[in-house]
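First comes the structure, then the notes that go with it.
The values are calculated or read from the model by the stated rules, or taken from the named source; none is laboratory data. Everything numeric here is computed off the predicted structure, so don't read it as measured data. Don't worry about glycine lacking a Cβ; one is built from the backbone with ideal geometry, like all the others, and counts go over all protein chains shown. With ligands, DNA and RNA removed, areas are computed over all heavy atoms of the protein, side chains included. Shrake-Rupley method; radii C 1.70, N 1.55, O 1.52, S 1.80 Å.
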Amino acid sequence: MEILQSLFRWIHVVAGTLWIGHLYFFNWVNANFAATMDGETKKKVVPELMPRALYFFRWGAAWTWITGLLLLLLVYYHGGIMFNPIGAWGPRAIVALVLVFPGVYIYEILVKTILKNPKVTFWGGWILASLVVYFFADIAHLSYRSYAIHLGAMFGSFMAFNVWYRIWPAQRKIIAAVKAGQAPDAAVVALAGTRSKHNTYMSVPLVFAMVSQHATWAAKPGYVSAVILVGWAVTFWIYGKAKTVKGF
């Protein structure tokens, strides 16, 4: 079991680095660089660059999610550290798991309706994420390590869904249009950009959940909620900073 955990953690971290590194490249480097290219340059660069980058991007996402699920099974569900002393498997725990995995369909509905506006997405998303944390901790009675990592698993599941079912299909259409010398469908471009931005915001608290499993100072839902808000504020700042970074 220890060997399996070490192996899955190793793959998880390497794949996650590959995935999130490309995510930040796309959002904070390539998005601003692409705006400087004319049509002919895009026609040459995009069909060569983007399929290569998106290959590692999507498979990094897949292996991060798969090994993360395997680690949840080994460390938490099999390892017996899922709950605090008064918690146990039951309907509340099942609801928590529904929020983590099938919850992607709730996310999909929300971002197409009441969370469609970017400002509402930021503040409404933070409120909903905070409520989920409180549910994990105070209603489902997950241990701190458990509710922190399940918050990360929830964000990671949403992100992997976006990569494979929203960003990658949209990018294939965009690349094909650019290669043919045509203007990509604006709605497709907007979809890919919006979901990539969602992933960038979710990635920051996700990383905290991964690396701060023993941060006892954060073992209260309010502190985790604050971490999400601070992480999203920093992400917003980096987006602004990225626009000011110029080439030579």
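With respect to (1) open to solvent by 50 Å² or more (accessible area, probe 1.4 Å); (2) in contact (Cβ under 8 Å) with a residue 24 or more places away in the chain, the lone exception for Val230 is condition (2).
Do we have Leu99 as surrounded by 12 or more Cβ atoms within 10 Å (Cβ to Cβ), closer than 14 Å to Leu151 by Cβ, at pLDDT 95 or above and not small (Gly, Ala, Ser) here? When the stated conditions are applied, Leu99 does not pass them.
Taking the condition assigned to a helix (DSSP H, G or I), of a type in the set (A, V, I, L, M) and either touching a Phe, Trp or Tyr at 6+ places or on another chain (Cβ under 6 Å) or more than 24 Å from Leu70 (Cβ to Cβ) (or both), does Val163 pass? No; evaluated as a whole, the condition is false for this residue.
I'm trying to understand the selection: among the residues of the stretch 60-99, which are in a loop (DSSP other than H, G, I, E, B) and either at positive phi or not hydrophobic (A, V, I, L, M, F, W, C) (or both)? Break it down stepwise before answering.
Residues of the stretch 60-99 that are in a loop (DSSP other than H, G, I, E, B), as a first pass: 78-82, 84-90.
Those that are in a loop (DSSP other than H, G, I, E, B) and either at positive phi or not hydrophobic (A, V, I, L, M, F, W, C) (or both): His78, Gly79, Gly80, Asn84, Pro85, Gly87, Gly90.
Are any residues in the stretch 210-227 open to solvent by 50 Å² or more (accessible area, probe 1.4 Å) and farther than 24 Å from Phe26 by Cβ, and if so, which ones?
Listed by number, the residues that qualify are His214, Thr216, Trp217, Lys220, Tyr223.
Considering (1) open to solvent by 20 Å² or more (accessible area, probe 1.4 Å); (2) more than 17 Å from the chain's Cα centre (by Cα); (3) at pLDDT below 95, the lone condition that Ala137 does not fulfil carries the number (1).
For the stretch 184-207, filtering for residues that are in contact with a Gly (Cβ under 9 Å, 6 or more places away or on another chain) and open to solvent by 10 Å² or more (accessible area, probe 1.4 Å) leaves 6.
Would you mind stating whether Thr244 is modelled with pLDDT under 95, more than 16 Å from the chain's Cα centre (by Cα), polar (S, T, N, Q) and open to solvent by 80 Å² or more (accessible area, probe 1.4 Å)? It is false that Thr244 is modelled with pLDDT under 95, more than 16 Å from the chain's Cα centre (by Cα), polar (S, T, N, Q) and open to solvent by 80 Å² or more (accessible area, probe 1.4 Å).
Table: residues versus (1) among the aliphatic types (A, V, I, L, M); (2) touching a His at 6+ places or on another chain (Cβ under 6 Å); (3) farther than 30 Å from Pro85 by Cα; (4) surrounded by fewer than 22 Cβ atoms within 10 Å (Cβ to Cβ).
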{"residue": "Arg145", "(1), (2), (3), (4)": "no, no, no, yes"}
{"residue": "Gly156", "(1), (2), (3), (4)": "no, no, no, no"}
{"residue": "Trp164", "(1), (2), (3), (4)": "no, no, yes, yes"}
{"residue": "Pro169", "(1), (2), (3), (4)": "no, no, yes, yes"}
{"residue": "Val178", "(1), (2), (3), (4)": "yes, no, yes, yes"}
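Selection of the stretch 33-48 for residues being open to solvent by 50 Å² or more (accessible area, probe 1.4 Å) and touching a residue at least 12 places away in the same chain (Cβ under 8 Å) yields Phe33, Thr36, Gly39, Lys42, Lys43. Only one of the listed residues (Trp168, Trp217) is in a helix (DSSP H, G or I), more than 20 Å from Pro102 (Cα to Cα) and either under 12 Å from the mean Cα position of the chain (by Cα) or free of Cβ contacts under 8 Å to residues at least 40 places away in the same chain (or both). That residue is Trp217.
Of all residue pairs spaced 6 or more apart or on separate chains, those with beta-carbon atoms under 9 Å, a first member in the stretch 71-86 that is closer than 16 Å to Gly152 by Cα and a second member that is in a helix (DSSP H, G or I) and open to solvent by 60 Å² or more (accessible area, probe 1.4 Å) are Leu71/Arg9; Val75/Arg145; Tyr76/Arg145.
Of all residue pairs spaced 6 or more apart or on separate chains, those with beta-carbon atoms under 6 Å, a first member in the stretch 1-30 that is in contact (Cβ under 8 Å) with a residue 40 or more places away in the chain and a second member that is open to solvent by 40 Å² or more (accessible area, probe 1.4 Å) are Phe8/Leu70; Ala15/Trp63; Leu18/Phe56.
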